Structure formats: structure tokens, C-alpha cells
Amino acid sequence: MSVTWSVHENPKARMSTPGSWTWDAYKTQDEAPIHPCSSIPLPGQVGHDVDVIPLLKSGSGLDIDLRMSPVVLCGRNDGWEKYLLRPATIPPLPSMSIVHPALPWAVTVHRSAYEFVTVKDVMVTVLGVLATPVEQMMPGGPVWQEKERKEKSTDRTTRLDYLPGTKLIGLRKSRRGEDIWVMEVV
């Protein structure tokens with residue numbers, strides 16, 4: 001006796017009630033669980049010719065201590081300040097994402113004062129996001145955070161603690177999209 005199946009029907013799909021079926025047959029042992037921070041890659045919204053300005057590129061001599069506050073960075077008088085209000089990318093973009101393989105979060109930089117993301121926007125956002133305590137992202141947020149703060153007042157894990165170093169030496173283009181850059185950290 002031979003059994004034939006429609007090409008659109010899975011023979012293992014089970015009918016649980018008339019008119020319904022379960023997906024159990026589609027699951028396999030090799031199926032990896034979906035990570036809660038995973039995302040669906042979307043096509044780039046910008047052209048292929050977009051890049052960060054030379055100052056921000058890997059290999060440019062950029063050396064930013066990721067532990068410093070944005071106020072200290074913006075107040076430095078070592079020639080850095082003349083670049084702060086320049087566009088961070090060529091051509092200028094209204095937003096960009098910065099990632100690192102060791103971080104489960106992307107850093108999304110939005111424009112602030114101008115129609116484009118500036119070097120200052122990038123630095124202030126990166127420094128601010130990396131200084132954020134991890135527990136602020138946990139379920140239960142403020143209540144959990146207050147309990148933890150009382151138990152250990154100075155020992156807080158920040159996003160910076162996930163990185164292999166504390167010096168930002170540049171950004172390089174990601175293969176994940178034209179408006180995504182990867183932090184080079186040592």
C-alpha cells in the first residue's frame with residue numbers, strides 16, 4: 001500500500017482538533033532556541049558608499065578611554081573638540097548602530113542638534129550606554145535595582161564590563177548592514 005502526501009502538507013503534522021494542527025512535527029533536536037536579543041536583519045536603508053569619517057576609523061590613531069564621562073571627553077583641549085560637531089559619517093546619516101561581538105546589545109546613535117549624527121553624538125552615546133548598569137535592563141527594573149543597590153552599593157556591573165578592553169580605537173563597517181559599525185576595543 002502506498003501513501004501519497006500533498007507537497008504542501010507535512011505527514012507528521014498532527015491534527016489536535018478538527019481544523020487545527022500543531023507544529024510539533026516541525027521542531028527538531030538541532031533547532032537552536034531563539035535568543036531574546038536576536039533580531040531580524042533588514043536591508044540597509046542607506047547606500048553602500050557610507051562610511052565613518054577618517055577620525056573614527058580603525059587605524060586612525062583614535063584612542064578613547066571608554067571609562068571617561070562624556071563631559072570630560074567634550075571638555076578636553078587636545079584638538080579633539082574641533083571634530084565634535086562634524087558629521088560622523090560621509091554622507092551624513094540621521095542615525096547609526098554600533099555593535100561589538102561581546103555585547104548582547106547594539107548601541108543606537110541618533111542625531112541630536114543637527115540633521116545628522118555628529119562625532120559628539122557617537123562619543124556621548126557610546127560612553128553613556130557603556131556606563132549603564134546592566135541591572136537596569138533586567139525584568140522588574142526599579143524594584144530589583146533598588147534591592148540590589150542596598151545589598152551592594154558600589155559593586156555594579158556595567159555594559160562596559162562585557163568588553164575585552166576599555167580603549168576605543170576605531171569603528172569599522174559591519175557586514176550586517178550599511179548603517180552598522182563594529183567597535184574596535186583593546
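Contact annotation: residue pairs with Cβ atoms under 6 Å, 6 or more positions apart or on different chains, pairing a residue in region 157-175 that is touching a residue at least 24 places away in the same chain (Cβ under 8 Å) and over 23 Å from Pro133 (Cα atoms) with a partner that is part of a strand (DSSP E or B) and of a type in the set (A, V, I, L, M), are Leu171/Val52; Arg172/Val182; Ser174/Ile180; Ser174/Val182.
Residues in region 61-115 that are in a loop (DSSP other than H, G, I, E, B) and of a type in the set (Asp, Glu): Asp63, Asp78, Glu115.
Each residue in region 47-75 was checked for being of a type in the set (Ser, Thr, Tyr) and either over 23 Å from Ile90 (Cα atoms) or surrounded by 15 or more Cβ atoms within 10 Å (Cβ to Cβ) (or both), and 2 pass. Confirm whether Gly44 is modelled with pLDDT under 95 and more than 18 Å from the chain's Cα centre (by Cα). So Gly44 does not fit the description; no. Counting only residues that are part of a loop (DSSP other than H, G, I, E, B), in contact with a Leu (Cβ under 8 Å, 6 or more places away or on another chain) and polar (S, T, N, Q), region 154-186 holds 1 of them.
Per the listing Val124, Val117, the residue uniquely β-branched (Val, Ile, Thr) and in contact with a strand residue (DSSP E or B) (Cβ under 7 Å, 6 or more places away or on another chain) is Val117.
The values are calculated or read from the model by the stated rules, or taken from the named source; none is laboratory data. This one's a predicted model, so the numbers in the text were calculated from it and none came from an experiment. Note that we place each Cβ from the backbone using ideal geometry, even for glycine, and neighbour counts take in every protein chain shown.
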